[in-house]
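Reviewing the structure listed below.
The values are calculated or read from the model by the stated rules, or taken from the named source; none is laboratory data. Just so it is clear, the structure is predicted and the values come from calculations on it, not from any experiment. Virtual Cβ from ideal backbone geometry, glycine too; neighbours counted across all protein chains shown. The area values use the complete protein model at the heavy-atom level, side chains included, leaving out ligands, DNA and RNA. Shrake-Rupley method; radii C 1.70, N 1.55, O 1.52, S 1.80 Å.
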Amino acid sequence: QVQLVESGGGLVQAGGSLRLSCAASGRTFSSDNMGWFRQAPGLEREFVAAISWYRATYYTDSVKGRFTISRNNAKNALYLQMNSLKPEDTAVYYCAADFSLRNERPSTTANYWGQGTQVTVSS
């Protein structure tokens, strides 16, 4: 059974930092694109960041310069370092794997999703 399990969410003040982790099990994703998405209350899920299997990275404009996505294929893990957090970053963050990329954005729905981790940024 393939699982993606996120951790590292929590409550932080504006300007603070959090590091999200995603542990994959059941199969390896070293040859797949992986990424982070988020969903705020009342809004649709949106793309945050992606890292290709060859380690190219892509970000939505609102997090460029503040968030860093990385992966450790030996640990079958994905990370998102989030700095200079803003209240508008508050959302449930989801890890996703196995999707296509086109023009620096996901072009297909991911085949695998985690259950999500809550990030709340207070002002």
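Structure notes:
- In region 23-32, the residues that are in contact (Cβ under 8 Å) with a residue 24 or more places away in the chain and open to solvent by 60 Å² or more (accessible area, probe 1.4 Å): GLY26, ARG27, THR28
- Residue ID - surrounded by the most Cβ atoms within 10 Å (Cβ to Cβ), chosen from residues in region 7-22 that are out of contact with any Leu (no Cβ under 6 Å at 6 or more places or on another chain) and not small (Gly, Ala, Ser): LEU18
- Region 33-45 - residue that is of a type in the set (D, E, K, R) and surrounded by fewer than 17 Cβ atoms within 10 Å (Cβ to Cβ) and, of those, farthest from ARG71 (Cα to Cα): GLU44
- Residue selection: TYR59 fails the criterion of being under 20 Å from GLY9 (Cα atoms), out of contact with any helix residue (DSSP H, G or I) (no Cβ under 7 Å at 6 or more places or on another chain) and touching a residue at least 24 places away in the same chain (Cβ under 8 Å).
- Of all the numbered requirements in (1) under 16 Å from GLU46 (Cα atoms); (2) loosely packed, with under 12 Cβ neighbours inside 10 Å; (3) at pLDDT 95 or above; (4) not aromatic (Phe, Trp, Tyr), GLY65 misses one, and that requirement is (1).
- Residues of region 78-97 classified as over 11 Å from the mean Cα position of the chain (by Cα) and open to solvent by less than 40 Å² (accessible area, probe 1.4 Å), total: 4
- Of residues in region 98-107 being out of contact with any Leu (no Cβ under 8 Å at 6 or more places or on another chain) and not aromatic (Phe, Trp, Tyr), the one most open to solvent (accessible area, probe 1.4 Å): ARG102
- Filter pass, VAL48 being within 12 Å of the chain's Cα centre (by Cα), surrounded by fewer than 17 Cβ atoms within 10 Å (Cβ to Cβ) and hydrophobic (A, V, I, L, M, F, W, C): no
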